[in-house]
Amino acid sequence: MFLQNFPPMGVYETLFKFQDATGHYMGDVGTKPWAQGFPLTRQLPGGPTLPLSIEFAATELKYPNATGNEPLRKAISKYYNQFYGASITEDNVAVFAGGRPGIFATLLFLQKDVEVVIEETEYTPYFDKLKILGRSHTIVPSNPGNNFRPKISDYNKAVKEKGKKTLLIRSNPCNPTGVTMAGQELQDLVNLSMGDDRGAIIDEAYEFFNASGPVSAMEHIRNIDDTNLFIIGAATKGLQVPGMRTGWVIASKKYVEIFRNFSSIAMGGVSRPAQVYVANLLEIERVKQARNAVVNFYNDQRKAYQEGLASCGIELCTGEGGFYHWGKLPNGLTAEAFNKRLFKHKAAILPGTLCDMHRRGDSGPHGNFIRFSFGPIEPDSYGENIRIIKECLRG
Ligand SMILES: Cc1ncc(COP(=O)(O)O)c(C=O)c1O
């Protein structure tokens, strides 16, 4: 064996188990992909169309720029300046093949003396990334004891306790809990991450998915060049095109240069046609319409499933954002056992244990928790979905 073994990221682990049990790939027609984190890839009510073809010149068949092509980087910077009053340029934008590689590259180049600070309940692959990179980390409590809603004072405590350089990492809205920091709280999180010894990765993959409207830390950052802040965005969720594999990191110019160098060694840039496609999606009037449509459509879905899942006896702790419900199964049922029952209906949820940044398994506080995704499901499947969940909870 020449290569070091490494297991798949948790969501994929569930996909592979599902495939073994059902013979289907989750997400295929006829399956119920409640474990998966993708949005509907069709036009939403009141939303713009999603083009099914693009035109590009022969020049787009050349190698892309290592940092991302200028029209896309310009469209991204214009977007943040327009909607969040930011004052960035394309030199603050590095384009990656999705959000995950941007997060990975940031952690990869993190200086050895920086301590990572992360919530106890977070996006599954953060755990894998920290493990593979051998990064020690300090945990901020996020569990049933605080209803998965850590306060800024908890962050303050974790940062101060370390008494050294710290980098916070937080998905906002949080995957899996949907808890969203906005307004003064988000401003406080940004303030806490300012200064030479402080920094943060704020992962805004679900930026559009917030009950009161899209949310970004960019609204609270005056001059990103003076910070160690890394704001992650992607076309994956809000723009509804996970297949385009396009994401970005907004950061100080000096860090964007490092990402350029990383790309020149390890990525070779991102598909030019994908960049052309995504730049078109960011046209200001179009994206305004998309933001509104996503908020309205997914608010309805969040509310409908909040009522539906609660009526099944699932105790929900979901916040105001994201496209997941986060809750506790009744009668001590574990998420693993629940999934075995769901597989018979070609359905699956994500076991909460995969969001436990301590990975304590069923004996930890996440054993009976599930993440139910309403991102990829059509509203007309609601009745049948709730019926299956009720049946599987009965036994
Ligand atoms: C919290 C969070 N960050 C980032 C991503 C980025 O995903 P991708 O690499 O598919 O763009 C996801 C997707 O599931 C996510 O849930």
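Coordinate-derived values only; no laboratory data. Since the structure is predicted, the reported quantities are computational estimates derived from the model, not experimental observations. Virtual Cβ from ideal backbone geometry, glycine too; neighbours counted across all protein chains shown.
Just a few scattered comments:
- Each part reduced to its alpha carbon centroid, the stretch 158-195 and the stretch 313-368 end up 25 Å apart.
- Under the span-like rule (Cα at least 24 Å along the axis, Kyte-Doolittle mean at least 0.0), DSSP H helices of the chain: none
- Sorted from longest to shortest, the spans of the Cα atoms of the chain along the three principal axes equal 56, 53, 51 Å.
- Amide H within-cut-off set for Gly178, under 5 Å, with H built and near neighbours excluded: Gly319
- FRET efficiency for Asn146 and Phe2, using Cβ-Cβ distance with R0 set to 45 Å, rounded to 0.05: 0.50
- Restricting the stretch 198-258 to trypsin sites (Lys or Arg not before Pro) in coil, as DSSP defines it, with at most 16 other Cβ within 10 Å: Arg222
- Size of electric dipole in the stretch 115-206: Cβ of Lys, Arg +1 and of Asp, Glu -1, about Cα centre, debye, nearest 20: 240 debye
- With contacts taken as Cα pairs under 8 Å at a separation of at least 6 residues, the chain carries a relative contact order of 24 percent.
- Restraint check, Lys32/Lys303; Lys165/Lys328; Lys112/Lys237, Cα-Cα greater than 28 Å: Lys165/Lys328; Lys112/Lys237
- The distance linking the stretch 115-131 with the stretch 64-104 is 24 Å (Cα centroid to Cα centroid, whole angstrom).
- Table column - 3J(HN,Hα) (Hz), the stretch 224-229, Karplus curve with 6.51, -1.76, 1.60, x for Gly and Pro: 5, 5, 8, 10, 10, 9
- Residue separation of Lys303 and Glu13 scaled by 0.36 nm, minus their Cα-Cα distance, works out to 101.5 nm of gained length.
- Relative contact order [Cα under 8 Å, 6+ residues apart], the stretch 221-303, whole percent: 26 percent
- The stretch 58-286, relative contact order [Cα under 8 Å, separation at least 6], %: 30 percent
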